[in-house]
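Visitor: Structure incoming, see below.
Read-outs: derived from the displayed coordinates by stated rules, not from any lab. Source: prediction; values computed, not measured. Here Cβ is always computed from backbone atoms with ideal geometry, including for glycine, and neighbour counts include all displayed protein chains.
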Amino acid sequence: MESRMDFFNWLDYDALMKILLCLDDPADLVRVSSVSRSWRHFVVTNGLSRQLCIKMFPTLQRLDHVVEPSRCVKDITEVGCSRFVEDENLGVEHRAFAFLTRSCKTLPLRECIGEAISASSTDNYPDESVRNTLEPHERVGRRPSYWSSKGQNKSAVPETLVYKLASDICVVSEINIKPFQAYFQWGSPIYSAKFVRFRCGHPNVPMDGPMSEPCDVCPAEKFTWTYTSPEFPMAQENRLQNFKLPDPILCIGGILMIELLGRVQKQTMDGLFYICISHVQVMGRTLSPAFGVEILEPSGCFTLNALSYEPTLPEKPSPNAYLQGRIRDLEQILNLLRDQGVVVEEYDWNGDEEEVDDEFEEDFAL
């Protein structure tokens, strides 16, 4: 113990940086900064927490600056010492990135979809709306629940589904997709895609409320995509298929797009190719309410708001979100019919069940 020494004082700057940049566990970097004041000063002033975060999530390269809204910026700037202000800003970054990396490692995986935004096409809206993909069951009441594209003569025509995640900053690790099997058609065909690909990004236009769909404008004009996954083959099977990303992705802006590439199934009735999806899950970690982001247009950079350092779990989305979407769809239809002078009568839910079943079979008969 008498011969102990601080090896930070014996190694030059480049050697120390090379050693510490080899750390890939955020907890190890926090432990290093807790050894002594000199070690913490070295970690903070050289932005090692930020560099580790960028190595884990390259989308953080677009970060402009970090803000702690709870701190009084006026008091800091009135000190009058630029060195003090710089040290304070470095300390804010260190705390924010240390907690960000910890949250990305320790928060439990959960479903991250907040709402369905749009589809590139919809065959029968709203009965086959993209909102149906949020429902885990293949049937709701007596009717099937799925999204269907419009039919195409060529099998190579792609489709896209766009979703808003539960938070503007999420770590997405895998996406699960279940193709729809049309059990009411001859042979029970499965309308899967050949391949799938995923994009993460942020909107270019304000999104104060739900966007109308089907989407008539190319999503590329509404969103900026900061990540594109490789293509994954999709099986023509009626099961929830797992597509795990090569590495977890930090989605800044909370928008995810699913690209369905290629069609495999024709419909016997019209001879056209369709893609139908029964259910979509996005698994990851939502980082709100601890963090928020503000996109800085037109540069596409963003501000990271460190709102809290408390390890609280985010609130789960309301289980009635899907039903609320279906109610909105029905209200739109009823209002449209009333505007056209159609008398809308109340449905008799206590009627003959056999009569309802007959009507259901007629709707989906070839």
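Visitor: Go through 270-279, 127-136 and give me the packing order, highest mean Cβ count within 10 Å leading.
Guide: 127-136, 270-279
Visitor: What is the packing order of peptides 231-240, 110-119, taking the mean over residues of other C-beta atoms within 10 Å and listing the highest first?
Guide: On the way: 231-240: 14.8, 110-119: 21.7.
Packing proxy ranking, top to bottom: 110-119, 231-240.
Visitor: Say each of residue 184 and residue 268 gets a label point 7 Å from the Cα, pointing the same way as Cα to Cβ; how far apart are those two points in nm?
Guide: Reported label-point gap for residue 184 and residue 268 is 1.6 nm.
Visitor: Beyond a 23 Å Cα-Cα separation, which of these cross-linked pairs lie in this structure: 178/244; 150/222; 150/266; 55/244; 154/194; 55/164?
Guide: The answer is 55/164.
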